[in-house]
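Q: Supplied in structure tokens, the structure appears directly below.
The values are calculated or read from the model by the stated rules, or taken from the named source; none is laboratory data. Only a predicted model underlies this, so the values are computations on that prediction, with no experimental measurement involved. Using ideal geometry, Cβ is built from the backbone for each residue, glycine included, and neighbour counts are taken over all protein chains shown.
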Amino acid sequence: MSTVQEEGILLRSHPYSESSRVVRILTPERGVLPLMARGLRRRVEKGEGGVDTFDQVRIVYTFRSGRDLQTLTELDVVRSRQGLGRDLVRFAGASLLAEFLLAHALEEGSPALSQEMEGALDLLLDRPLEQVPGVLLSAGWRLLVHLGFAPELGRCVRCGAELDEEAPLLRFSAGQGGLLCQGCGGDSAGSRLGPGARNDLRSLLAGRPPEGLRGALVHLALLEVFALNHLAPNRPFQSVALVRAGLGSTVAR
Amino acid sequence: MSLIDEVTREFSRLPGIGPRTARRLVHHLLRSSPEEGRRLARALDSLVDRIRPCRICGNHTEEETCAVCLDPKRDRSTVCVVESAFEVESVERTGQFQGLYHVLGGRLSPLDGVGPEDLRIEELLRRARDGDGEVREAILATNPSVEGEATAVYLETILRAEGVRVTRLARGIPVGSDLEYVDGSTLAQALAGRREM
């Protein structure tokens, strides 16, 4: 048994008894860590302020290997991200990123992944509304890359042939993990992407969302299908419909 | 499992009751007159059988329509939107609100699989649309959590489109508390929501 101090992101919490909660916190050292937080629901009554989903928290917990649920002993909110709730796309987007991490059941830590998620949530919170779709899509793809599922855009995922960047339309096969050359793509399922859409996808993967990203809803569908294929959650991502609804109105604005 | 253990387990499922308190309750009932235990059993039985959601607002009621919705003295132009029927009681206890209620039955939380279609949002829209302009203001009293806030934003968008004035409960320092003990986030919101004296 050891006492560990870390900083992390509260991804999910649900009540356990009158005063406690079971929380899932993304930590750099141990991935998504389930913790029993006794007395957490009484924080507000004690004047310590509430703790909310997506908050950056500093935690102290006792770790026992082999246990499914570790015990949280201290929690401080380092940075509240409650503002994410004040806009539907920001909120649903943050929820979608959290769903990716929870679907992967990440048991090992990755400081780079934690940093990516932290940065993504802060950008979702702070960036002007018109930039939010690009920030979300880029963050979604980057999390998948950190989880080990980078889509292949340079070579055909079936025959390995180098792809012509200027080719008019190439099939993107989520199941096979990326683009198919014109010869292999003919009989395959998946969206057909033109050079512009492929370039936008490269920029999103590089963490540089293109200014004035076109087809945000199409890119969202691409990200969703790819994540469904590779993270294989036991149910569809619940946040997508809400992101779509929000993006619909953002795009309309 | 003995009957005593079974009842103890059922009591301990209730919020705020741990296994020890549950056992104490069971032994209290066993020490009391049999009629006391039967009265409790009958009351619980009736509670489960007879309480249902009000057909208009979703509040708990024994009839088809709850007492608040039936009360002719209530202001029908203002509807307070809450997450659960429990919160109707909280607002009623203040004695300051004379309008009607609408119980959503939860809040948007994609991480828990709760989307707009899982809440009583359609019913709220129907009240706004079909009431011949009777609903003029909706007070969004969802909880001040990130999910409660997102629910309020979602409702604001669709209610405004129906021409309803949308307001949100104010947030700030609890009455009787001391500034020294108020957390930073609450204090920041109280500052942002300050008003002219």
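Q: Just for segment B:126-145: of the residues that are modelled with pLDDT under 95 and within 29 Å of A:HIS14 (Cα to Cα), which one is nearest to the other protein chains (Cβ to nearest Cβ)?
A: B:SER145
Q: Within the bounds of segment A:147-166, is there any residue that is over 18 Å from A:LEU220 (Cβ atoms), at pLDDT 90 or above, crowded, with 17+ Cβ neighbours inside 10 Å and touching a Pro at 6+ places or on another chain (Cβ under 9 Å)?
A: Yes; the residues of segment A:147-166 include at least one that is over 18 Å from A:LEU220 (Cβ atoms), at pLDDT 90 or above, crowded, with 17+ Cβ neighbours inside 10 Å and touching a Pro at 6+ places or on another chain (Cβ under 9 Å).
Q: So, of the residues in segment A:76-102 that are more than 9 Å from every other protein chain (Cβ to nearest Cβ) and surrounded by 22 or more Cβ atoms within 10 Å (Cβ to Cβ), which turns out to be nearest to B:PRO116 (Cα to Cα)?
A: Ranking the candidates gives A:VAL89 first.
Q: A:LEU231 - would you say it is of a type in the set (A, V, I, L, M, F, W, C), closer than 23 Å to A:GLU116 by Cβ and in the same structural domain as A:VAL132 (by TED's automatic domain parsing)?
A: For A:LEU231, the condition - of a type in the set (A, V, I, L, M, F, W, C), closer than 23 Å to A:GLU116 by Cβ and in the same structural domain as A:VAL132 (by TED's automatic domain parsing) - is met.
Q: Next up: Filter the helices (runs of 4 or more DSSP H) completely within segment B:1-98 down to those with at least 3 residues that are over 30 Å from B:ARG120 (Cα atoms).
A: B:3-12, B:19-31, B:34-50
Q: Still on this structure: What is the residue count in segment B:141-151 for residues that are in contact (Cβ under 8 Å) with a residue 60 or more places away in the chain and of a type in the set (A, V, I, L, M, F, W, C)?
A: The qualifying residues number 1.
Q: Being free of Cβ contacts under 8 Å to residues at least 12 places away in the same chain, outside the structural domain of B:ALA150 (by TED's automatic domain parsing) and more than 30 Å from A:PHE237 (Cα to Cα): is that true of B:ALA67 here?
A: Judged against the criteria, B:ALA67 is not a match.
Q: Looking at the structure I just gave you, is B:ARG55 within 20 Å of B:ALA138 (Cα to Cα), without any contact (Cβ under 8 Å) to a residue 12 or more places away in the chain and either surrounded by 12 or more Cβ atoms within 10 Å (Cβ to Cβ) or outside the structural domain of B:GLY131 (by TED's automatic domain parsing) (or both)?
A: In short, yes.
Q: Continuing with the same structure: Quick one: is B:ASP130 out of contact with any Lys or Arg (no Cβ under 8 Å at 6 or more places or on another chain) and farther than 29 Å from A:VAL51 by Cβ?
A: Yes; evaluated as a whole, the condition is true for this residue.
Q: Could you name every one of the helices (runs of 4 or more DSSP H) located completely within segment B:101-197 that has at least 1 residues being buried (at least 17 other Cβ atoms within 10 Å of the Cβ) and polar (S, T, N, Q)?
A: Per the criteria, B:146-160, B:184-192.
Q: Next question. Kindly indicate which of B:THR21, B:THR78 is of a type in the set (S, T, N, Q), modelled with pLDDT of 95 or more and more than 14 Å from the chain's Cα centre (by Cα).
A: Unique residue meeting the criteria: B:THR78.
Q: Here's something else I'd like to know. If you go through segment A:121-140 one residue at a time, how many are surrounded by fewer than 22 Cβ atoms within 10 Å (Cβ to Cβ) and in a helix (DSSP H, G or I)?
A: Total meeting the criteria: 7.
Q: Here's something else I'd like to know. Return only the number of the condition from (1) in contact with a helix residue (DSSP H, G or I) (Cβ under 8 Å, 6 or more places away or on another chain); (2) surrounded by fewer than 19 Cβ atoms within 10 Å (Cβ to Cβ); (3) of a type in the set (Lys, Arg) that A:ARG171 does not satisfy.
A: The single condition A:ARG171 does not satisfy is (2).
Q: For segment A:115-129, state whether one or more residues are within 14 Å of another protein chain (Cβ to nearest Cβ), under 20 Å from A:SER203 (Cα atoms) and over 11 Å from the mean Cα position of the chain (by Cα).
A: Yes, the conditions are met somewhere in segment A:115-129.
Q: Would you call B:GLN189 within 14 Å of chain A (Cβ to nearest Cβ) and of a type outside the set (A, V, I, L, M, F, W, C)?
A: Spelling it out, B:GLN189 is indeed within 14 Å of chain A (Cβ to nearest Cβ) and of a type outside the set (A, V, I, L, M, F, W, C).
Q: Then there is this: Give me the pairs: first residue in segment B:163-192 and among the aromatic types (Phe, Trp, Tyr), second residue in a loop (DSSP other than H, G, I, E, B), beta-carbon distance under 6 Å, and six or more apart or on different chains, which are they?
A: Matching pairs, first to second residue: B:TYR181/A:GLY47.
Q: Please report, ordered by residue number, the helices (runs of 4 or more DSSP H) entirely within segment A:143-253 with at least 2 residues that are β-branched (Val, Ile, Thr).
A: A:216-231, A:239-252
Q: If you take the residues in segment B:150-171 that are out of contact with any Leu (no Cβ under 8 Å at 6 or more places or on another chain) and within 13 Å of another protein chain (Cβ to nearest Cβ), which one is farthest from B:ALA128 (Cα to Cα)?
A: Selected residue: B:ARG171.
Q: Among (1) touching a residue at least 60 places away in the same chain (Cβ under 8 Å); (2) in the same structural domain as A:ALA227 (by TED's automatic domain parsing); (3) hydrophobic (A, V, I, L, M, F, W, C), which single condition is A:PHE63 missing?
A: (2)
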